[in-house]
1. Students often check this: by mean Cβ neighbours within 10 Å, which of 28-38, 61-71 ranks highest, and how do the rest follow?
2. Hey, if you drop one equal point scatterer on each alpha-carbon of segment 95-134 and run the Debye formula without solvent, what base-10 log of I(q)/I(0) do you get at q = 0.17, 0.26 Å⁻¹?
3. Quick one: the Cα spread of segment 17-140 along its three principal axes, in angstroms, biggest first?
4. Compute the label zone of Thr117 within segment 125-140: residues whose backbone N is under 11 Å from the point 7 Å along Cα-to-Cβ.
5. Quick check on the chain: of the DSSP beta bridges with both residues there, what percent are antiparallel, nearest 5%?
6. Using Cα pairs under 8 angstrom and six or more residues apart, how large is the relative contact order of segment 15-105, in percent?
7. Using 1/(1 + (r/R0)^6) with R0 = 22 angstrom and r between the beta carbons of Phe46 and Gln73, what's the FRET efficiency to the nearest 0.05?
8. What are the semi-axes of the equivalent ellipsoid for segment 1-89, taken as the square roots of 5 times the Cα gyration tensor eigenvalues, largest first, in whole Å?
Amino acid sequence: MAFDIDLTLDCAHPTALAEFYKLALGYEDEPPPPPFATRAEWVASFPSDPDDTADDGAWLRDPDGVGPRLFLQQVPEPKTGKVRLHLDIRVSRGVEPERRWAAVTGFAQRLVAAGGTVLREVDGHHVVLADPEGNEFCVA
């Protein structure tokens with residue numbers, strides 16, 4: 001039996017980075033677990049921590065329930081090296097071969113406009129980008 005997986009991304013500003021990943025993945029904010037009406041109510045149910053801030057975390061989900069959930073977790077230390085596990089965002093499935101590269105580069109440019117950075121292009125195949133905090137991922 002296969003298990004569901006969630007992905008956790010360490011970052012400095014989860015709520016801001018969540019906006020980027022909602023665009024990049026087509027995800028939405030995940031509602032709080034029952035019986036809580038809001039995420040703030042859920043957070044308030046934990047013991048008080050003076051180091052907690054409103055930007056401690058962001059929870060995202062695939063609206064169709066197919067992809068893994070994504071938790072963006074605030075950490076104090078900066079990113080210091082290449083991320084060993086990265087996302088491949090597949091935007092060209094079902095696109096005619098002659099339009100595939102245009103779909104990939106067009107989507108990459110949307111992410112650049114949202115704060116991403118192109119690191120390199122593998123012509124005709126994929127674009128390697130960094131999110132606004134420098135985490136690498138590919139658009140293919």
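Taken together, the values in this text are just the output of simple stated rules run on the coordinates, not laboratory data. Please read these numbers as outputs of a predicted model, since none were measured by experiment. Note that each Cβ is placed from the backbone with ideal geometry, even for glycine, and that neighbours are counted across all protein chains shown.
1. Numbers: 28-38: 11.7, 61-71: 13.7.
The densest-packed peptide leads the list: 61-71, 28-38.
2. -0.42, -0.83
3. Largest first, segment 17-140 extends 55, 34, 24 Å along its Cα principal axes.
4. Residues 130-136 fall inside that zone.
5. Working: 15 of 24 bridges.
Of all bridge pairs located within the chain, approximately 60 percent are antiparallel.
6. Values: 71 pairs, mean separation 23.1, N = 91.
Contact order relative to length: 25 percent.
7. On the way: r = 15 Å, r/R0 = 0.66.
Efficiency computed from Cβ-Cβ geometry: 0.90.
8. So the equivalent ellipsoid measures 22, 19, 12 Å along its semi-axes.
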